[in-house]
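Values in this text are rule-based calculations from the coordinates and carry no lab data. Only a predicted model underlies this, so the values are computations on that prediction, with no experimental measurement involved. Don't worry about glycine lacking a Cβ; one is built from the backbone with ideal geometry, like all the others, and counts go over all protein chains shown.
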Amino acid sequence: MSPELQALSAFAVATIVSFALTPLAARFAFRVGAVAHVSERSLHDHDMPSLGGLAILSGLLVASLIFLPESTESKGIIAGALVIAFVGTLDDIFDLPPLVKLFGQFCGAAIPVFSGVVVQNFTLPFIDPVNLGGWAEPLTMLGIVAVINVVNLTDGADGLAAGVCFIGAATFTIITLSLSRDAAGILAAATAGASLGFLFHNFYPATIFMGDAGSNLLGYLLACIAIQGVLKTAAAVALFFPLVILAVPILDTGFVVAKRLKYGKPIYAADRWHFHHRFVNIGFSQRRTVLYLYAWTLCLAGMALALRFIPYTDGHGNLDTGWTLVLAGIGVLVLIASFYLVVVLEILKLRRFSGRRRKKSSSHEVDAAVAEQLSTGEFPALDRE
């Protein structure tokens, strides 16, 4: 069986298993008390079961057992996935202290690292590979834990994290298989399938949340896939693939962390400064918010695929003018789409709303009100579209 067919089969099996077991995970969540209660920052209006990650894990394990080639690195990744999902499950049930949860994440990340899933060096266009030397293991662990938390912080609207991870894993599948990283490609396909199977139950209106068991697991898997399938290759733009594919959750997390630091709040403190909260705050429905963020993620995934498949260089540092212009054009379109989502939808729509509420205010007063609301993340109550 070809690697492509194995990946497709792993995707199908993981989708079916995850889809079938998600309702059982919901019942189990209610039984053990893993329930997301309504709070000021939540977008749901009733208590929700939050152990969907166990269904995602099941889909991944079944598909991996059948199709993932056996190796020390693969075993390490799966063992680490079990630890990460276990820590996330405990957090969903008992609400672990942040430092305890972080320690568990590092323990899980250490398993694949000491099984050979390590970035020893990475490449950048037109320069020699950068060798990490003795920093390889600790930096790889830190990177895995960072991606875990990036995805975890994204999980705040129905279907958002599952959909973004599905798009990301599917994109990684195509890229890794094209680089002949077959094991990583099959693992990515299984991850995409497990995310999609769960997404059928999690898209708005959701009947279950993935919880930390799911968001931590998906972040961990995407990090391991990026390392095994991309960063350990000689591709000139290897470092850019994960950064572009995961740009939406990375930008969201960067924005939120910067806000928390600015206002002297702990990095791990919950708030309503995420992209999905801010879109909902200015009047978007959850469904519309998530679809816009899906579209943004798809644009960036398309950019990653363009970087991989458009022959803009001959591999020796010589650029092809025509294909380079095509790639630059795609990059401009992606930047325009990003500008539209972040500036037009959030800032200008809010400005129009503030103008309607302040009919007697001058444009300077409206702009000042908008600036204040955007800086604090606090908005007046709005009717949902």
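Details
- In terms of the mean number of neighbouring beta-carbon atoms within 10 Å, the peptides 11-19, 215-223, 325-333, 109-117 order highest first as 215-223, 11-19, 109-117, 325-333.
- Extending 7 Å from the Cα toward the beta-carbon at both L24 and D314 defines two label points whose distance is 5.8 nm.
- R0 of 45 Å, Cβ-Cβ distance F200-T321: FRET efficiency to nearest 0.05: 0.50
- Added length on full extension, which subtracts the Cα-Cα distance from 0.36 nm per residue, F255 to S285: 8.6 nm
- Applying the Kirkwood pairwise sum to the alpha-carbon positions of region 118-262 produces a hydrodynamic radius of 15.6 angstrom.
- Ranked from largest, the principal axis spans of the Cα set of region 1-102 equal 50, 30, 23 Å.
- Entries in K232/K262; K75/K259; K101/K265; K101/K262 that, when Cα-Cα distance is taken, lie over 28 Å: K232/K262; K75/K259
- Neighbour-count ranking [beta-carbon atoms within 10 angstrom, fewest first] of W135, W296: W135, W296
- Viscosity 1.567 mPa s, 4 °C: Kirkwood-radius Stokes-Einstein D of region 185-287 over Cα pairs, µm²/s: 81 µm²/s
- Between the residues G108, A235, G168, the greatest Cα displacement towards the positive end of the dipole of region 3-246, with unit charges on the Cβ of Lys, Arg, Asp and Glu, is found for A235.
- Considering only Cα atoms, the convex hull volume of region 3-246 works out to 108 Å³ per residue.
- Projecting the Cα atoms of T154, L218, N131 onto the charge dipole of region 127-252, computed from C-beta unit charges around the Cα centre, puts N131 farthest toward the positive end.
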